[in-house]
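S.K.: I'd like to ask some things about the structure below.
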Amino acid sequence: MNAVEANLDGLVGPTHNYAGLSPGNLASQSNFGAASNPRAAALQGLAKMKRLADMGLPQFVLPPQRRPDLGFLRSLGFTGSDARVNEAAWKAAPILAGSAWSASSMWAANAATVTPSADSGDGRLHFTPANLLTNLHRSLEHPHTTAALRRIFPDPDRFVVHDALPFQPHFADEGAANHVRLCIDHGAPGVNLFVHGRGAYEAWTGRFPARQTREAFEAVGRRHGAHRPVRLRQNPQAIEAGVFHNDVVCVGALKCLLYHQAAFEDPAAMQAEVREAAAGLFEPQFIEITEAELPLADAISSYLFNSMLVQAPGEGRLTLVAPIDVAEHPCARAVAERLAASNGPIGRVDYVDVRESMRNGGGPACLRLRVVMTPAELAAANSAYRLDDNLHARLTDWIGRRYRDHLTPADLADAAMIEEAQAALEELDVILA
Ligand code: SUG
């Protein structure tokens, strides 16, 4: 009863940069080598968190991971002092060095798959951290994500933070970016849409990787005892066009599923299966945006569907929290505004500037992990990680002092940057203690 949807957002780390590490993610590829602004990136993400907190939604902060991951480089045979390991890795294998420095844990939608207690087998809130094994830089995240989730959600009577799935391509898992939960009310039983790109035993011949397997989600569903699963397949052509996660073309909240016509392999079958799973609970509201209304390429470049879809407390209709890039894209903006002007489930569009993250393929929805929580679960979560005005002010001050406003991959070869990044995170540990 009275469960709410909290957001856990990845705080952007001081090493945020554009290293071109994600094939099939067009923004990551096209911005390779550009200078980043970690300070602006972190402040943009924090401002989005504050915006959602001010709407009245509980907001938690997932701290950045320690980068560079020198242990990773050492395990690959680079030896000597930290400075030497880093320098040698940049010289011999820039992709390995870039992976060790990536701030990619900021995209918390990929941190885990979450099953709220209303839908789980044992009445506890379950998390399976995503192994993210398709991309080398992201495969380094899961041990630290697991530890962080266990700190934020510590009470074993209420929370279960599993280990990531076995580290095999069969179980390639990208977490909640490919999961949508629909329900009539957050605390009521829901329908869980698990969207995969490929089957574990099929030969994948696509140009870009299909990052999520059906078998990974089946395993997560079994562990969590997730009720009412609906297994759907991404349209392989969407992956070819740059839809590396389903949340690039689909977002859902409460009864509403907003998606692009090209998102699913079989949209009519999708609707039928979701309706069937929801029978007796609620009537789903589908909003399909056609190719004529917004071509897939424009959906990907504007990230309209990577908006957050939220219900502010006390408001009946949903708010679409869209990237500012949508406002600047005439066609995407027209779609968003028509949705808000219609009599449908979406009542308002709010724009947020997360441009620094967008340039690596991460919109507003990528930066957050949704966690539906009952009042008792909220009370049991670690309040040190909950964003209030005080934590917001401390983080703003910390970012202002500790983050650079200009960073290129070349700067990361400099030993000074290692110490700078480490010192910043040591201070953050104190802030979040
Ligand atoms: O996994 N980009 C991330 C973006 C993740 C977006 N998340 C969701 N759609 N939910 C990725 O491709 C780029 C890093 C670089 O190239 O430097 C990167 O990892």
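S.K.: Exactly one condition in (1) over 18 Å from ALA108 (Cβ atoms); (2) at pLDDT 95 or above is false for ALA203; which is it?
M.R.: In the conditions (1) over 18 Å from ALA108 (Cβ atoms); (2) at pLDDT 95 or above, ALA203 misses (2) alone.
S.K.: Would you check if PRO169 is out of contact with any Phe, Trp or Tyr (no Cβ under 9 Å at 6 or more places or on another chain), within 16 Å of the ligand (Cβ to nearest atom) and modelled with pLDDT of 95 or more? Give the derivation first.
M.R.: Details: out of contact with any Phe, Trp or Tyr (no Cβ under 9 Å at 6 or more places or on another chain): yes; within 16 Å of the ligand (Cβ to nearest atom): no; modelled with pLDDT of 95 or more: yes.
Considered against the rule, which asks whether it is out of contact with any Phe, Trp or Tyr (no Cβ under 9 Å at 6 or more places or on another chain), within 16 Å of the ligand (Cβ to nearest atom) and modelled with pLDDT of 95 or more, PRO169 comes out as no.
S.K.: Condition first: open to solvent by 40 Å² or more (accessible area, probe 1.4 Å) and under 25 Å from the mean Cα position of the chain (by Cα). Now tell me which residues in segment 405-420 satisfy that.
M.R.: ASP405, HIS406
S.K.: Being open to solvent by less than 40 Å² (accessible area, probe 1.4 Å) and under 23 Å from the mean Cα position of the chain (by Cα) is the filter here; which residues of segment 374-391 pass it?
M.R.: THR374, GLU377, LEU378, ALA381, ALA384, TYR385, LEU387, LEU391
S.K.: I'm trying to understand the selection: among the residues of segment 13-32, which are of a type in the set (Gly, Ala, Ser) and open to solvent by less than 40 Å² (accessible area, probe 1.4 Å)?
M.R.: Step one: of segment 13-32, the residues of a type in the set (Gly, Ala, Ser) are 13, 19-20, 22, 24, 27-28, 30.
Scanning segment 13-32 gives GLY13, ALA19, GLY20, SER22, GLY24, ALA27, SER28.
S.K.: Now, a different point. Which of the residues belonging to segment 1-38 are over 24 Å from ARG211 (Cα atoms) and not in a loop (DSSP other than H, G, I, E, B)?
M.R.: VAL4, GLU5, ALA6, SER36, PRO38
S.K.: Here is a further query. Taking segment 134-170 on its own, how many of its residues are of a type in the set (A, V, I, L, M, F, W, C) and either touching a Cys at 6+ places or on another chain (Cβ under 7 Å) or more than 26 Å from GLY20 (Cβ to Cβ) (or both)? Break it down into steps so the answer makes sense when it comes.
M.R.: Step one: filter segment 134-170 for residues of a type in the set (A, V, I, L, M, F, W, C), giving 136, 140, 147-149, 152-153, 159-161, 164-165, 167.
Now restrict to residues that are either touching a Cys at 6+ places or on another chain (Cβ under 7 Å) or more than 26 Å from GLY20 (Cβ to Cβ) (or both): 147-149, 152-153, 159-161, 165.
Matching residues across segment 134-170 total 9.
S.K.: Counting only residues that are within 28 Å of ALA27 (Cβ to Cβ) and open to solvent by 10 Å² or more (accessible area, probe 1.4 Å), how many does segment 204-218 have?
M.R.: Step one: of segment 204-218, the residues within 28 Å of ALA27 (Cβ to Cβ) are 204-214, 216-217.
Restricting the remaining residues to those that are open to solvent by 10 Å² or more (accessible area, probe 1.4 Å) gives 204-209, 214.
The total comes to 7.
S.K.: Looking at segment 145-159 only, could you name the residues that are surrounded by fewer than 17 Cβ atoms within 10 Å (Cβ to Cβ), touching a residue at least 24 places away in the same chain (Cβ under 8 Å) and over 17 Å from ARG386 (Cα atoms)?
M.R.: Step one: filter segment 145-159 for residues surrounded by fewer than 17 Cβ atoms within 10 Å (Cβ to Cβ), giving 147, 150-151, 154-157.
Okay, now just the ones that are also touching a residue at least 24 places away in the same chain (Cβ under 8 Å), so 151, 154-155, 157.
Listed by number, the list holds a single entry, ASP157.
S.K.: Further, regarding this structure: Pairs please, first residue from segment 17-36 and within 13 Å of LEU412 (Cβ to Cβ), second anywhere and among the aromatic types (Phe, Trp, Tyr) and within 6 Å of the ligand (Cβ to nearest atom), Cβ atoms under 9 Å, 6+ apart in sequence or on different chains.
M.R.: Cβ pairs passing all conditions: GLY33/TYR18; ALA35/TYR18; SER36/TYR18.
S.K.: Condition first: part of a loop (DSSP other than H, G, I, E, B), under 28 Å from GLN271 (Cβ atoms) and open to solvent by less than 20 Å² (accessible area, probe 1.4 Å). Now tell me which residues in segment 160-186 satisfy that.
M.R.: If the condition is that a residue be part of a loop (DSSP other than H, G, I, E, B), under 28 Å from GLN271 (Cβ atoms) and open to solvent by less than 20 Å² (accessible area, probe 1.4 Å), then ALA172, ASP173, GLU174, CYS183 are the ones that fit.
S.K.: Take segment 291-346 and flag every residue that is of a type in the set (Val, Ile, Thr) and either surrounded by fewer than 16 Cβ atoms within 10 Å (Cβ to Cβ) or free of Cβ contacts under 8 Å to residues at least 60 places away in the same chain (or both). Walk me through how you get there before you give the answer.
M.R.: Within segment 291-346, the first condition is being of a type in the set (Val, Ile, Thr), and the residues that meet it are 300, 310, 319, 321, 324, 326, 335, 346.
Hits for segment 291-346 are ILE324, VAL326, VAL335.
S.K.: Another question about this same structure. Given the conditions (1) modelled with pLDDT of 95 or more; (2) open to solvent by 70 Å² or more (accessible area, probe 1.4 Å); (3) hydrophobic (A, V, I, L, M, F, W, C), which single one is not true for ILE239?
M.R.: In the conditions (1) modelled with pLDDT of 95 or more; (2) open to solvent by 70 Å² or more (accessible area, probe 1.4 Å); (3) hydrophobic (A, V, I, L, M, F, W, C), ILE239 misses (2) alone.
S.K.: Just to be sure before I move on: is ASP325 more than 16 Å from the ligand (Cβ to nearest atom), acidic (Asp, Glu) and within 19 Å of the chain's Cα centre (by Cα) in the structure I sent? Walk me through it before giving the result.
M.R.: Numbers: more than 16 Å from the ligand (Cβ to nearest atom): no; acidic (Asp, Glu): yes; within 19 Å of the chain's Cα centre (by Cα): yes.
Spelling it out, it is not the case that ASP325 is more than 16 Å from the ligand (Cβ to nearest atom), acidic (Asp, Glu) and within 19 Å of the chain's Cα centre (by Cα).
S.K.: What number of residues in segment 347-399 are closer than 29 Å to SER117 by Cα and within 16 Å of the ligand (Cβ to nearest atom)?
M.R.: Total meeting the criteria: 10.
S.K.: Okay, moving on. Can you tell me which residue among VAL251, VAL230, VAL195 is within 20 Å of LEU132 (Cα to Cα), buried (at least 17 other Cβ atoms within 10 Å of the Cβ) and at pLDDT 95 or above?
M.R.: VAL195
S.K.: Something else about it: Of these, ALA47, ALA41, which one is within 16 Å of the ligand (Cβ to nearest atom), closer than 16 Å to GLU356 by Cβ and in a helix (DSSP H, G or I)?
M.R.: When all the criteria are applied, what remains is ALA41.
S.K.: Okay, next question. List the residue pairs whose Cβ atoms are under 6 Å apart, where the first residue sits in segment 101-126 and is open to solvent by less than 10 Å² (accessible area, probe 1.4 Å), the second is within 8 Å of the ligand (Cβ to nearest atom) and acidic (Asp, Glu), and the two are 6 or more positions apart or on different chains.
M.R.: Close Cβ pairs satisfying both conditions: ASN110/GLU174.
S.K.: Let me ask something else. Residues that are more than 16 Å from the ligand (Cβ to nearest atom), over 17 Å from the mean Cα position of the chain (by Cα) and not in a loop (DSSP other than H, G, I, E, B): does segment 199-211 have at least one?
M.R.: Within segment 199-211, none of the residues are more than 16 Å from the ligand (Cβ to nearest atom), over 17 Å from the mean Cα position of the chain (by Cα) and not in a loop (DSSP other than H, G, I, E, B).
The values are calculated or read from the model by the stated rules, or taken from the named source; none is laboratory data. Predicted model only: the values in this text are computed from it and were never measured. Every residue, glycine as well, gets a Cβ built from its backbone with ideal geometry; the counts of neighbours run over all protein chains shown. Surface areas here come from the heavy atoms of the whole protein model, side chains and all, with no ligands, DNA or RNA. Shrake-Rupley method; radii C 1.70, N 1.55, O 1.52, S 1.80 Å.
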